[in-house]
Amino acid sequence: MKPKHMARSATELLKSLRKGETTAEAAVKEALERVQAHADLNAFIGVYAEEALERARTIDQSRRQGERQGPLAGLPICIKDNIDVKGWFTTGATPSLAGLMAHRTASVVDRLQEAGAIVIGKTNLHELAFGITNTNFGETYTSTRNPHDPLRITGGSSGGTAAAVAAGIVSAGLGTDTSGSIRIPASLCGIAGLRPSVGDGGEQRRYPSDGVLPISHTNDTVGPMAASVADLALLDAAICGGEVAEPVPLSQVTLGLPKCFWDALDPKVETVCHDLCNRLKEQGVTFVEVDLPGLRCLLEKISAPVVLHEPIADIPAYLAQNGYGEITLANIAEKIVNPDVQAAFDLILRDALGEAYEAAVSIYRPQLCGLYERVFNDARLDALLFPTTPVPAMEAINDAFGMIDIPNVGTVKVFDTYIRNTDPGANAGLPGLSIPIGATEQGLPVGMELDGPVGSDRRLLGIGLSVEAILAWRGDVVPAA
């Protein structure tokens, strides 16, 4: 699929805006044209053209008057439609919330707008963010298509933002990540995505969490998605108010290769990932093979109890804060379209894993965090390196509980396979950076992930910048016409 227009990277566009080579209004108009040109991707749920153009004109006038501009002044972006903008609808891609108008703007969006970014619209997602394919079965909220092959999944649940960036509609946007919902679609669509540190959810949380339709306060976070790591770094600095991350010399980097994340890979993914490792070795990266004993056993005791119990309180609290306290979980469940999401909500409404929840957060999650801390400290690692997803984007299927064949491995569950490498770090609150590193012979993107210690986000981005610099393939496998 070749888009009729291609967006410039955020870094390049912002340079042009500062030099006066283009205007914010022109940049927004071009992005809106690309929305229409790629309407078949179903990347957007709502487009707010007039609001975006008005904000662009205000920025242009301010620039003409010589006023100080924010670091992202004039940059068009998109945000996932579970993130609030005051006066705009937050649908969660589910019928029961179709008329939910936000009464506030999420702090993370406020910070980007204060930096001068212009939100042009809200992007599609797997219904209620409870899935990893972005395959939706309803008539109103339909599936997002992968720009590299419209017959394949984008990954989810932030598939709309991933598709919008991969197709060049915008160069950056926001997604959310509970178990892999930023990193999975970033990998499958050939873009970069950052899950920032969550840690203990308090001072260790890098991004504010308010104004977002939740799943789990323990695991949820907003995060940037962009055409490149360099663009991610710009958004991260604007959100956090700090300096933009700078490249870290690869000769000063030590990366761990956890065996359990490198097992049972699609051979096409494995080839691309090993090629990157060889190139990193040539650049002076030190590799250490590491083990994470008991990791999978701990995850079984943490992941499902957390994400299937916390919505019981978290979703009603969000609705009440937005003035929609009359909407109950049962109301939402009655109108859920996707069979996989309906199955999850059946468990939530019964609190089927409620008895396991307290031990999950008070005993097993601390053990998981301790396991990671020991591995990072004992081997003096900057990060762990592994394939973001064990397989590339599969063909879209009508079976929400489908299976997938991995050559030389066998038939495995779709959901379990795609979250296999992203879910562990999410449950430990770690920052995770997915970087597009190449493509299979069929042209399907492959991503590699760096997971670092809690609070190492800027260094993780710095390592990512250096990795990106040695790649001939930059995620741009959707060429200009």
Inset, instruction - Rounded, prolate or oblate: pick one for the chain, where a ≥ b ≥ c are the square roots of the eigenvalues of its C-alpha gyration tensor, a/c under 1.5 means rounded, and failing that, prolate if a/b is larger than b/c, else oblate. - result: rounded
Inset, instruction - Would you work out the relative contact order for region 1-126, in percent, from Cα pairs under 8 angstrom that are 6 or more residues apart? - result: 30 percent
Inset, instruction - Normalising by the residue count of region 68-133, find the relative contact order in percent from Cα pairs under 8 Å and 6+ residues apart. - result: 43 percent
Legend entry - Full-stretch length increase - Glu243, Ala352 - with 0.36 nm per residue and alpha-carbon distance subtracted: 34.7 nm
Legend entry - Share of carbon and sulfur in the accessible heavy-atom surface of the chain [1.4 Å probe, %]: 49 percent
Inset, instruction - Please work out the C-alpha center-to-center distance from region 29-73 to region 205-224 and express it in whole Å. - result: 25 Å
Inset, instruction - Would you mind checking region 385-413 for residues with the amide N under 12 Å from a putative spin-label position 7 Å along Cα→C-beta of Leu151? - result: 395-397
Inset, instruction - Label region 84-172 by shape, choosing from rounded, prolate and oblate, from the square roots a ≥ b ≥ c of the eigenvalues of the Cα gyration tensor; if a/c is under 1.5 it is rounded, and otherwise prolate applies when a/b is larger than b/c, oblate when it is not. - result: oblate
Inset, instruction - Loop sites only, by DSSP: take the GluC sites (Glu not before Pro) in the chain that have at most 16 other C-beta atoms within 10 Å and name the longest stretch containing none of them. - result: 327-440
Legend entry - Distance between region 272-322 and region 146-195 - C-alpha centres, whole angstrom: 17 Å
Inset, instruction - Work out the length of the dipole vector of the chain about its Cα centre, built from +1 on the beta-carbon of each Lys and Arg and -1 on the beta-carbon of each Asp and Glu, and round it to the nearest 20 debye. - result: 1100 debye
Legend entry - Distance in nm between pseudo-label sites at His103 and Ala359 (7 Å out along the Cβ direction from Cα): 4.0 nm
Legend entry - Dipole of region 269-394, positive end: most advanced residue of Val285, Asn377, Ala313 [Cβ charges, Cα centre]: Val285
Legend entry - 1.4 Å probe accessible area per residue over the chain, in Å²: 38 Å²
Inset, instruction - With label points built 7 Å along Cα→Cβ from the Cα atoms of Cys260 and Asp275, find their separation and express it in nm. - result: 3.0 nm
Legend entry - Relative contact order for region 106-153, counting Cα pairs under 8 Å that sit 6 or more residues apart, in percent: 21 percent
Legend entry - Distance in nm between pseudo-label sites at Glu50 and Ser251 (7 Å out along the Cβ direction from Cα): 5.9 nm
Inset, instruction - Once you have a ≥ b ≥ c as the square roots of the Cα gyration tensor eigenvalues for region 18-80, tell me rounded if a/c is under 1.5, and otherwise prolate or oblate according to whether a/b is larger than b/c. - result: prolate
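The values are calculated or read from the model by the stated rules, or taken from the named source; none is laboratory data. Predicted model, so just to flag it, every value in this text is computed and none were measured. Counting neighbours? That spans all protein chains shown, and the Cβs are built from the backbone with ideal geometry, glycine included. Ligands, DNA and RNA are excluded from the accessible area calculation, which covers all protein heavy atoms including side chains. Shrake-Rupley method; radii C 1.70, N 1.55, O 1.52, S 1.80 Å.
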